[in-house]
Structure formats: C-alpha cells, structure tokens
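Visitor: Here it is: the structure, laid out below.
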C-alpha cells in the first residue's frame, strides 16, 4: 500500500520537526560557539581576578613600614600600637588575613579606610564616576583625532599628508604625560587664563586632564587605523566599488573604514582599561577627584584596605572590558567564532 501523499507532504514540509531552515541551524551553531568562547573568557577573568587579589594583598604587606603606626601619634605607646594592629586585623597571620579579606569581598564588604574614616566602597563609589567621565572625554578626544589622521594617512599614503599624520602620532606617543600636563597648565591656565589649573566642576575643569590622557591613546589608534585602512583599500571589493562609480567618500567610509575599524575596537577597549592606570598621574597633577587621586593618597597613607580594593576593582573593570570587546569582536567578525 502506497504512502498518503498528503501525509508525506506534511512530514517533509518546511514546518516539519524533522527539517529546519539551513540558516537556523547555522545560527544555533554560531550561538553555541560564541557562548562557549564567552564562558572560557569568563573563567579566565575569574582566574585573573584571583591572581590580582593575591598580588595586591602581598604587595601591600611586603612594602616597608607599619600601616598601623602611620595612623598613630608619634608618641603612641607599644600597647596603643598593638591595639590598633588588632583593630585593623594585622595581628593575625597573613593567610588568615587573606581569607578574611576574600570572605568579606564575597559578601560585598570592601573593608574600612582608617585614613579616611569611611567605608572603602563609599570612597570608590564616589571617585569611580569621576574617573569614568574623564576617561570618556579622553576617548572622545582620542578618536576625534585618530580617525581623521589614520584615514588621511592611509588614503594619502606615501605623500606629505601621510608623513605629517605619522609625525603627529609619533609626537603623541613620545610625550610624557607629566611634561604635557605642565605645558598645558603653563599655556592655557597661566599664560592665557582660559582654563583652571586643577579641581573639578564644570566642563572647563576636564579639558586639560582629558587632553593629557588622550595624548598617547590617539597615537596608537592612528597607526592601527592607518594599517587597517591600507589593507582594506587594497581589497578586490574596494576596486569593484570604485569601478562601479561609487563616490570615493562613500567607498572610504562605508566600505574601507567599516572593515578597518574592527582591529581598532580591540585597541579602544584596552585603552579604556588603561585610563585607570594613566589617571593615577594625571588626576594627581590636576587634583581630579577620581580613582587615580584616591589611589595616590592611599599609597601615601599606606591605607592597605583601600589600595587592595582599588587594585581589585581596576582589574575587574579591565578584564570585564576585555571580555565585552572580545564578545563584540566575535559578533562583528564571524570568522573568529570557530577559533
């Protein structure tokens, strides 16, 4: 007896559970690969954070001097010093101190700053938005300089424009943040009187420190974009687009820049994390109330609880940003999913 054609049609139709669209299967495969890649990066992030917590804990305690003694008067007795050490938990073995510190972190307790007489979480929560604002402004300035320079150098490769753009990138990469900060203050604050020398407030207070942070970031971004644009402009699809009579500006921005910007994404992600390191000097010079200034004061006061927590938070931000950038890069470039 033959099969019922209707039943065969229903069994083999596009809505059948035995068959699925080819694109849906490929999408699920890409999603599984992406999920596996992200999970591996999350595991690596946890390992890195563990290493940061150990290193931060060890470095603070290996530094010379007694943190408890710095908080006591110079004429403090041995009994008073011992009481302060017990209050700070410094009388316990280092292993006990570390596991107590980790246990408090798991509960969301970052410790207490005996120098500032406040919870560490409160201090970091107050300073971190200021550093984020400074970093965002610096990144806007960096990209605002790097994108035009990098594209100009690639499009005008081998000309005087290329040489001038690379010279500007070399100058930015060679300049010291300290020297540039002094120069900016001397010119724009002292001589011209246009901007304040330090502190926080309106937008005028963020311009000089943001310029200092952006000075070295734009140099690497410019060189990376130039290299990517040169590679993209030599591809066959660019030549085909030009042969079709598509305007050069559209070819450069819509086709070449779109592909050349992928490597730039990784550089920008690392630079955002690097703001936390660069802000230590810049915020100190301009007295900007961010994580960098807080860290500098904590180091001077040997405030070990604050130092440990800032290092851990900085490491967390850096690794999370690296994870996000890696995920975005994978989504934008499907060739990376299988790697």
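The values are calculated or read from the model by the stated rules, or taken from the named source; none is laboratory data. No experiment lies behind these values; they were computed from the predicted model shown. Positions of Cβ are generated from backbone atoms using ideal geometry, with glycine treated the same way; all protein chains shown enter the neighbour counts.
Residue by residue, here is whether (1) in contact (Cβ under 8 Å) with a residue 60 or more places away in the chain; (2) under 19 Å from the mean Cα position of the chain (by Cα) holds:
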site	(1), (2)
180	no, no
200	yes, no
212	yes, yes
222	yes, yes
230	yes, no
243	no, no
253	no, no
263	no, yes
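Visitor: Which numbered condition trips up residue 178, out of (1) in contact with a helix residue (DSSP H, G or I) (Cβ under 8 Å, 6 or more places away or on another chain); (2) closer than 30 Å to residue 230 by Cα?
Guide: (2) is the only condition that residue 178 fails.
Visitor: In this structure, is residue 19 modelled with pLDDT of 65 or more and touching a helix residue (DSSP H, G or I) at 6+ places or on another chain (Cβ under 9 Å)?
Guide: Details: modelled with pLDDT of 65 or more: no; touching a helix residue (DSSP H, G or I) at 6+ places or on another chain (Cβ under 9 Å): yes.
So residue 19 fails the test.
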